[in-house]
Amino acid sequence: MSSPYGPQNAPAGDVGAALMMIDSRLKGIHAGKTTVDPEQQELIDQFTASLGPKGASDVLDGACTLIFMFMRWLQKAHEDHDKDVIEYVVPNLVASMRMMPKSVRPEAIPTMAGLVIAAGTGLSPNLWRKQYGEWTSKEMTPLEVTAFLLAEHINRITDDPDFATRMITEALSRSDEG
């Protein structure tokens with residue numbers, strides 16, 4: 001039975017812009033930076049400000065699409081080992097977010113865990129979230145952190161610091177060809 005929250009009913013959004021933001025964070029962490037470079041943050045802030053409301057909404061949808069795609073990949077990887085993706089990914093994600101109280105307020109963690117569980121069960125994270133109302137500004141950083149942590153988890157599993165970004169880039173390239 002089809003769900004109104006299925007991914008086929010969700011806008012993909014601006015996956016490229018969302019991926020650029022996540023990839024920028026990944027590269028910063030791998031370069032040994034524990035804080036965001038002020039110059040890099042200024043560029044991200046300028047880019048975000050230039051988007052306008054529609055563009056920002058598209059990037060938000062793009063981040064949710066990334067979460068969905070990352071969880072689908074993780075689901076397949078875990079199924080290959082007869083493991084449940086939700087059982088193995090969600091507790092690690094929640095534990096990581098709990099260690100980031102400046103970026104992820106405790107009250108945002110259940111929503112972010114819900115997004116990941118929705119994606120892990122084949123639902124669109126953004127449609128699942130929208131049933132509870134509009135996104136809040138306090139959820140934007142936790143949303144980015146969620147996509148970042150999933151990408152980093154994939155990169156660790158594959159022992160390749162660029163795997164998650166490359167996987168999405170290749171998927172976007174294939175969709176442009178078709």
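The values are calculated or read from the model by the stated rules, or taken from the named source; none is laboratory data. Given the structure is predicted, the values throughout are model-derived calculations rather than measurements. A quick note on method: Cβ atoms are made from the backbone with ideal geometry, for glycine too, and the neighbour counts reach across all protein chains shown. Note: areas computed on protein heavy atoms with side chains; ligands, DNA, RNA excluded. Shrake-Rupley method; radii C 1.70, N 1.55, O 1.52, S 1.80 Å.
Scoring 82-91, 62-71, 144-153 by mean Cβ neighbours within 10 Å over their residues and listing the highest first yields 62-71, 144-153, 82-91.
Over 21 Å between Cα atoms: which of K76/K138; K27/K76; K54/K130 fall into that group?
K76/K138; K27/K76
Computed over protein heavy atoms with a 1.4 Å probe, the accessible surface of the chain works out to 56 Å² per residue. Pairs of Cα atoms nearer than 8 Å and 6+ residues apart set the relative contact order; for the chain it is 30 percent.
Counting only DSSP H runs of at least 4 residues, each contributing -39500 (n - 2.57), and dividing by the residue count of the chain, the helix-based mean residue ellipticity at 222 nm comes to -23500 deg cm²/dmol.
The dipole here belongs to the stretch 1-149: it is taken about the Cα centre, uses +1 on the Cβ of Lys and Arg and -1 on the Cβ of Asp and Glu, and is about 220 debye.
Neighbours of S50, meaning other residues whose beta-carbon lies under 13 angstrom from its beta-carbon, give a summed charge of -3 when Lys and Arg score +1 and Asp and Glu score -1.
Hydrophobic, long helices, defined as DSSP H runs whose alpha-carbon span along the helix axis is 18 Å or greater and whose mean Kyte-Doolittle value is at least 0.0, occur in the chain at 15-30, 85-98, 140-158.
Inter-label distance, E79 to T48: 3.5 nm, where each label sits 7 Å from its Cα along the C-beta direction.
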